[in-house]
1. How large is the dipole of segment 1-48 about the Cα centre if only Lys and Arg carry +1 and Asp and Glu carry -1, each at its Cβ, rounded to the nearest 20 debye?
2. At 7 Å along the Cα-to-beta-carbon direction for both residue 171 and residue 76, put a label point, then send me their distance in nm to one decimal.
3. What spacing in nm lies between the two simple spin-label points modelled at residue 45 and residue 114, each 7 Å away from Cα in the Cβ direction?
4. Between residue 189 and residue 56, what is the label-point separation in nm under the 7 Å Cα-to-beta-carbon projection?
5. Compute the distance from the alpha-carbon center of segment 104-178 to that of segment 72-94, in whole Å.
6. Once you have all Cα-Cα distances for segment 1-48, histogram them in 5 Å bins from zero and send the whole-percent values.
7. For the chain, calculate the relative contact order in percent as a whole number, restricting contacts to Cα pairs under 8 Å that are 6 or more residues apart.
8. Between 29, 102, 69, whose Cα lies farthest towards the positive end of the dipole of the chain when Lys and Arg beta carbons carry +1 and Asp and Glu beta carbons carry -1, centred on the Cα centre?
Amino acid sequence: MTAGTTERRDEVIRVATRLFAAKGYYATTLDQIAEEIGITKPALYYYITNKEDILRTIINQMLEPMQEAVDIGKSSMSPVEKLRKIMKTLIQSAAERKETTLLAFEQANILPKRSRDALRRRQKEVEHTVMQVLKEGIEQGYFVVSDVKMAGFTILAASNWIYHWYQPEGRMTPLEIAEHCIKLLENGYLKAEYKEHS
């Protein structure tokens with residue numbers, strides 16, 4: 001597949017994701033996708049096999065960063081590095097694939113049940129992974145966390161919900177945003193002298 005063909009297929013996936021989120025998977029037709037892109041339906045088949053092919057690609061785009069986060073949690077890295085890398089993975093994915101992330105977290109109910117269940121299972125695995133990494137960090141003396149569940153959900157919220165406000169033309173790249181979020185969560189926002197009196 002040439003670079004131009006890959007870019008066009010990516011466009012098909014982006015448009016289909018947006019239409020699925022707006023209309024639902026079953027209510028969206030290939031004719032509508034082709035019309036939105038500005039090509040004919042026969043031309044659409046040059047980039048995809050059928051609507052199910054599009055859905056498989058979208059689901060894979062949803063699951064890939066989640067699986068990567070789970071794999072990071074199982075690695076031999078320190079808890080600090082695990083958490084940093086998990087956040088970078090999730091933030092970059094949420095920023096670079098805004099439509100896919102929106103579909104995963106806000107419109108998953110329009111997906112076929114099998115896809116929806118697979119997505120929910122993977123989301124739970126990521127939640128469990130983050131909680132376990134926090135517990136490891138506490139046990140090994142890296143983290144001071146009074147409530148693991150609250151800390152875990154705060155980290156996940158910061159990592160996953162960037163798609164609500166991220167703009168590609170903004171002043172920071174997804175990686176820079178990830179590094180900024182990590183620094184804020186690790187260091188907090190109070191100066192040391194104020195922390196002493198809090």
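Bear in mind that the values in this text are calculations on the coordinates, not laboratory data. The structure displayed is predicted, hence computed values, not measured ones. Counting neighbours? That spans all protein chains shown, and the Cβs are built from the backbone with ideal geometry, glycine included.
1. Numbers: 6 positive and 6 negative charges, 20 e Å.
With only Lys, Arg, Asp and Glu charged at Cβ, the dipole is about 100 debye.
2. Here the answer is 4.2 nm between the modelled labels.
3. With each label point 7 Å from Cα toward Cβ, the separation is 2.3 nm.
4. With each label point 7 Å from Cα toward Cβ, the separation is 4.6 nm.
5. So the separation of the two Cα centres works out to 10 Å.
6. 5, 24, 32, 23, 11, 4, 1
7. On the way: 169 pairs, mean separation 46.2, N = 198.
Computed value for the chain: 23 percent relative contact order.
8. So the residue furthest toward the plus end is 29.
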